[in-house]
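Here the structure comes first, spelled out in structure tokens, and everything after it is commentary.
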Amino acid sequence: MRTYTVHANASVSKAEDRVRFVKEGIARWAIVSPLVWFLYHRMWWEGAAYFGLSILIAVAGEALGIRETIIVALGFGVQVLAALEANDLRRVALARKGYQPIAIVHGSDEEEAEARFFASWSHTLPEASDDAVTSAVMDWSDGGRAGTPGQSASQATYTDTKDAVWPKGPREADPQSAPPPSSAAGSEVLGLFPKPPTLS
């Protein structure tokens with residue numbers, strides 16, 4: 001199972017671009033070509049920085065008379081480093097565009113993660129913010145119920161969550177969904193096992 005952070009911006013004109021999923025860990029395709037990967041994700045500044053650093057290594061190595069194998073090794077090292085940090089850089093780029101992180105989901109691939117998220121997410125998406133939050137796990141300040149009477153989605157704010165955001169925010173208690181009473185009521189439980197009796 002892979003982990004994805006979910007970023008949303010309801011102000012984006014295209015509906016399909018309002019929610020973005022970013023995988024945790026290394027970006028495998030960025031190992032092949034970080035520049036193409038950055039440009040594909042419209043990360044212009046990151047692509048320009050990588051291209052400039054690659055040119056700098058080549059020019060500086062040639063000017064200093066460094067062996068070609070060392071220059072190639074340095075270039076490959078920068079390429080691997082860019083792949084390791086690519087997804088984190090993408091989160092920063094999304095934050096610059098006003099996207100806010102709203103949840104963390106798991107799935108075997110991005111398609112499954114999307115299906116799980118949209119099947120469970122019941123809040124309105126946040127609008128773009130000038131001071132976008134940077135934490136990956138956030139919740140509505142009204143206790144997880146967006147769109148309460150007298151409060152619009154744009155007026156809702158994000159705060160550090162105290163309850164689990166995923167798969168759903170806290171909801172009103174439903175007597176039908178209440179868990180069945182434990183058969184070991186009144187006994188202490190350590191993890192999944194009851195506390196062993198003490199020997200006297």
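The values are calculated or read from the model by the stated rules, or taken from the named source; none is laboratory data. Every value quoted in this text rests on a predicted model; they were computed, and no experiment measured them. Note: ideal-geometry Cβ built from the backbone for every residue, glycine included; neighbour counts use all protein chains shown.
Within the range 97-136, restricting attention to residues that are part of a loop (DSSP other than H, G, I, E, B) and loosely packed, with under 15 Cβ neighbours inside 10 Å, the residue that is modelled with the lowest pLDDT is S135. Scanning the range 36-78 for residues that are surrounded by 17 or more Cβ atoms within 10 Å (Cβ to Cβ) and touching a residue at least 24 places away in the same chain (Cβ under 8 Å) turns up W37, F38, H41, M43, E46, Y50, S54. Do we find a residue being free of Cβ contacts under 8 Å to residues at least 60 places away in the same chain, closer than 20 Å to A82 by Cα and of a type in the set (D, E) anywhere in the range 17-35? Taking every residue of the range 17-35 in turn, none turns out to be free of Cβ contacts under 8 Å to residues at least 60 places away in the same chain, closer than 20 Å to A82 by Cα and of a type in the set (D, E).
Taken over the range 79-96, the criterion of being more than 13 Å from E24 (Cα to Cα) and either surrounded by 16 or more Cβ atoms within 10 Å (Cβ to Cβ) or hydroxyl-bearing (S, T, Y) (or both) is satisfied by Q79, A82, A93, L94, A95. If I ask for residues that are charged (D, E, K, R) and either farther than 22 Å from E110 by Cβ or in a helix (DSSP H, G or I) (or both), which ones from the range 27-52 would you list? If the condition is that a residue be charged (D, E, K, R) and either farther than 22 Å from E110 by Cβ or in a helix (DSSP H, G or I) (or both), then R28, E46 are the ones that fit.
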